[in-house]
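Right, one structure below, let's go through it.
Derivation of every value follows stated rules applied to the coordinates shown; laboratory data play no part. In this text the structure is predicted, and so the values were computed from the model without any measurement. Virtual Cβ from ideal backbone geometry, glycine too; neighbours counted across all protein chains shown.
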Amino acid sequence: MQKALLVAALVLPLVVLGTRFAFLRTPQAEQGLRAGTFDPPREVPDFSLEGSNGRKLSPRDYPGKVVIVEFGYTNCQDVCPVTLAHLTGAWKKMGSAARDVQLIYITVDPAHDYPERLREHLTAFNPSFLGATGTPEELQAVQKAYGVVARQVASKNPALPYAMDHSSSLYLVDRQGKLRGLVPFGTPVDDIVHDVEFLLKEGA
């Protein structure tokens, strides 16, 4: 199942977003993004969800910043904590430049991830990280727009009623609100830093 979701995480955004996509590293790519790139870039799919900051949250709220969109949930036992830890490490490496970067973490488990829970969970990694939730219908529409797969499965942890299998890539949005990159799960911190700093400098 994990393998199928990984394939879906890479393929579905290309179909839904209707764009050519490249993961190969060429000499030209080494000078640009190391992540998979959307070619051509396109407007980021917009949404308006309940934010962990107590306000409606949209990627368009951050003009001039690089936005990272992630899908996950607070009860995730393996993938999500790893990605959030990598992002925390990336923020530390970027130093003051991270002030121009915003993470939006969209839950795939609205039954449990209300705004306060998201805020508490994300603050443990980085106080600047923002969570987003909504009705199941709202979140399904956002998942569809981004080509994200998410479904309820049996949990390996007897203390939890269920787990969520879901796509685990990061979406990189540049300062102009264009969707530019898709970062696979497990990407090293240095590669994330490279790509975010590239987009920051490009739009400066």
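With the charge dipole of the range 2-202 set up from +1 on Lys and Arg Cβ and -1 on Asp and Glu Cβ about the Cα centre, the Cα lying farthest toward the positive end among the listed residues A98, S48, C76 is that of A98.
The residues Y171, Y114, when put in order of fewest to most other Cβ atoms within 10 Å, stand as Y114, Y171.
The distance between label points at D78 and R99 comes to 4.0 nm (points 7 Å beyond Cα on the Cα→Cβ vector). With K and R counted +1 and D and E -1, the other residues having a Cβ less than 14 Å from that of R117 yield a net charge of -4.
I need the shape label for the range 44-103. Rule: rounded when a/c is under 1.5, else prolate if a/b > b/c, else oblate, with a, b, c from the alpha carbon gyration tensor. In terms of gyration-tensor shape, oblate. With K and R counted +1 and D and E -1, the other residues having a Cβ less than 15 Å from that of S52 yield a net charge of -3. Taking label points 7 Å from Cα along the Cα-to-Cβ direction, D190 and N157 give a separation of 3.2 nm. Each other residue within a Cβ distance under 14 Å of Q102 adds +1 if Lys or Arg and -1 if Asp or Glu, for a net charge of +1. Taking 30 Å as the limit for the C-alpha separation, the pairs K65/K156; K56/K92; K92/K156; K93/K144; K156/K178; K92/K144 exceed it in the case of K65/K156; K92/K156; K93/K144; K156/K178; K92/K144.
Going by neighbour counts of Cβ atoms within 10 Å, the residues Y146, Y105, Y62 line up, fewest first, as Y62, Y146, Y105.
Once you divide the Cα radius of gyration of the range 2-202 by 2.2 N^0.38 Å, the number left is 0.96. DSSP assigns beta bridges within the range 2-202; of those with both partners inside it, close to 70 percent run antiparallel.
Annotation for T123 and K201: the two label points, set 7 Å from Cα along the Cα-Cβ direction, are 3.6 nm apart. Among R99, R34, a tally of other beta-carbon atoms within 10 Å of each Cβ gives an order, fewest to most, of R99, R34.
Around the Cα centre of the range 2-202, unit charges on the Cβ atoms of Lys, Arg, Asp and Glu (plus for the first two, minus for the last two) sum to a dipole of about 220 debye.
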